[in-house]
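The values are calculated or read from the model by the stated rules, or taken from the named source; none is laboratory data. These numbers were taken from a predicted model, which means no experiment stands behind them. Positions of Cβ are generated from backbone atoms using ideal geometry, with glycine treated the same way; all protein chains shown enter the neighbour counts. Note: accessible area is taken over every heavy atom of the protein model, side chains too, but ligands, DNA and RNA are not part of it. Shrake-Rupley method; radii C 1.70, N 1.55, O 1.52, S 1.80 Å.
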Amino acid sequence: MFPSDILVSAGRVVAKLRAAHLKITTAESCTGGLIAGAITTVAGSSYVFDQGFVTYANSAKTAMIGVDAGLIREYGAVSAEVGRAMADGALKAAAADVAVAVTGIAGPGGGTPEKPVGLVFIGIAFRKAPSHVQRFEFGDIGREGVRLATVREALVLLERVG
């Protein structure tokens, strides 16, 4: 189902979180649950995975993880501000220590000159440290390409947790 490099990276994330006795939650828009899927493919993930939120619609971002609708109106759903709010909101809604959130434009349509296809923001939130968000521009590499590139980068960021 997943390419081998994603499975290897997910395995390292699970091992690292398990060794640190940390639980994780996900909030996913453009990946539609692929990050949660990659993590839970790993045997032993039940020790570290709390729950995942697929918040594809803006209303879901607001209802499920408390992203302020005004923030979405002001900055757009695909923005650093919303990516951070998604990570922070998922952490508050779950019994987890760390959250990863993604929002982006997978394409093929939906891009603009300011926010092109392939633009993705990945937010990481922690119970005991400041949250942060990172911007990625994968380019118009196809919908599946953007989604898998996002999963890869999210797992790389999670490997650095701790």
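In table form, for the structure just shown:
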item	result
Number of positions in the range 1-44 that are part of a helix (DSSP H, G or I) and closer than 20 Å to residue 148 by Cα	18
Complete set of residues in the range 148-162 that are part of a helix (DSSP H, G or I) and either open to solvent by less than 40 Å² (accessible area, probe 1.4 Å) or charged (D, E, K, R) (or both)	148, 149, 150, 151, 152, 153, 154, 155, 157, 158, 159
Considering residues of the range 11-54 that are open to solvent by 20 Å² or more (accessible area, probe 1.4 Å) and in contact (Cβ under 8 Å) with a residue 60 or more places away in the chain only, the residue farthest from the chain's Cα centre (by Cα)	20
Residue match in the range 55-72 (condition: more than 11 Å from the chain's Cα centre (by Cα), closer than 26 Å to residue 3 by Cα and of a type outside the set (Asp, Glu))	yes
Condition check for residue 116: more than 27 Å from residue 8 (Cα to Cα), more than 15 Å from the chain's Cα centre (by Cα) and at pLDDT below 95	no
All positions within the range 118-147 that are open to solvent by less than 50 Å² (accessible area, probe 1.4 Å), touching a helix residue (DSSP H, G or I) at 6+ places or on another chain (Cβ under 7 Å) and either not in a loop (DSSP other than H, G, I, E, B) or not hydroxyl-bearing (Ser, Thr, Tyr) (or both)	118, 120, 121, 122, 123, 124, 125, 133, 136, 138, 147
Selection count where residues are over 14 Å from residue 11 (Cα atoms) and not hydroxyl-bearing (Ser, Thr, Tyr), scope the range 23-46	7
One residue from 118, 66, 89 being in contact with an Asp or Glu (Cβ under 7 Å, 6 or more places away or on another chain) and in contact (Cβ under 8 Å) with a residue 12 or more places away in the chain	118
Scan of the range 1-10 for residues that are open to solvent by less than 50 Å² (accessible area, probe 1.4 Å) and among the small types (Gly, Ala, Ser), ordered by number	9, 10
